Amino acid sequence: MCGPLAWTIMRDANGFPYRIGSWTANAGAFTGANPRWNGQPWGTFDPDTFTLMHTDSSMPGYDFENYGNLYPGDLIYSYATLYVTPGYFDHIFLVAGIDESNTRLSISNMVRNAPYADCSIEEISLYTPGDREHGVINYEWNGFNFGQTGTTGFDVFRWNWITYHVNAQPIQYTIRWGDTLETVAFDWKISPESIAEANQLTMDTQLIPGQIITLPAPLSSQIT
């Protein structure tokens, strides 16, 4: 359930790059995914569009504030044990937002083991920077009635457009076959008009593969 749910949220938020094409039509790459066993879902995507960060440290209690916070659009795969062990589970989730307290939020399935068995889909607080005891990552998914995940490490999959918005600086982009101002703008979550203005282009300019353009610093970031 967790993989298709993460895919659904990403699709609805137009988070996938334009070129993914048919992969956005269904959640196949996110169903039965396990990066250690089958390379999915990461192996589905163009490696030039994302950065993959892996740590073998346990996710519960991890110091995200010091070692790198999560941002909206980040996909996380948390590992438990190599084989299925009662009470332990692998999980994939998407960071969906940041609230006024800087808490990272997600929408995820929560499978309760005690004091009663239950399963629900909820908006959850993953963690708050500087707090390594509260939030689902540190508490509920650390064996407190919901089992444990992330005990043997986790992956953070980050689209390049997220890094661009987090850094909030201009970058250089090399035009590829099929690129237009509109598709480049879609992939980087800025307006095509801002790209045209930064490069002294008209909106009907035909882009040439190999051409280097400037993507201006985002004025209204998608990262809140």
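Quick notes
- Averaging the Cα positions of each part gives two centres, and for the stretch 152-177 and the stretch 23-57 these lie 16 Å apart.
- Residues TRP37, TRP161, sorted so that the one with the fewest Cβ neighbours within 10 Å comes first: TRP37, TRP161
- Bins of 5 Å from zero: percent of alpha-carbon pairs in the stretch 89-140: 5, 18, 28, 27, 14, 7, 1
- Reciprocal mean inverse distance between Cα atoms of the stretch 1-154 - Kirkwood radius, Å: 16.0 Å
- Mean ellipticity per residue at 222 nm, deg cm²/dmol - from DSSP H runs of n ≥ 4 across the chain, formula -39500 (n - 2.57): -4500 deg cm²/dmol
- Entry for the stretch 169-215 at q = 0.15, 0.20 Å⁻¹: log10 I(q)/I(0) = -0.30, -0.55, Debye formula applied to identical alpha-carbon scatterers, no solvent contribution.
- Residues ALA114 and ALA168, FRET efficiency given R0 of 35 Å [Cβ-Cβ distance, rounded to 0.05]: 0.20
- Backbone N under 18 Å from the ALA198 label point (7 Å along Cα→Cβ), restricted to the stretch 147-175: 159-175
- A convex hull fitted to the Cα coordinates of the stretch 123-223 yields 146 cubic angstrom per residue.
- Ordering VAL184, VAL136 by the number of other Cβ atoms within 10 Å of each residue's own Cβ, fewest first, gives VAL184, VAL136.
Each reported figure results from applying straightforward, stated rules to the coordinates on display, with no laboratory input. What you see is a predicted model; the values in this text were computed from it and never measured. Note that each Cβ is placed from the backbone with ideal geometry, even for glycine, and that neighbours are counted across all protein chains shown.
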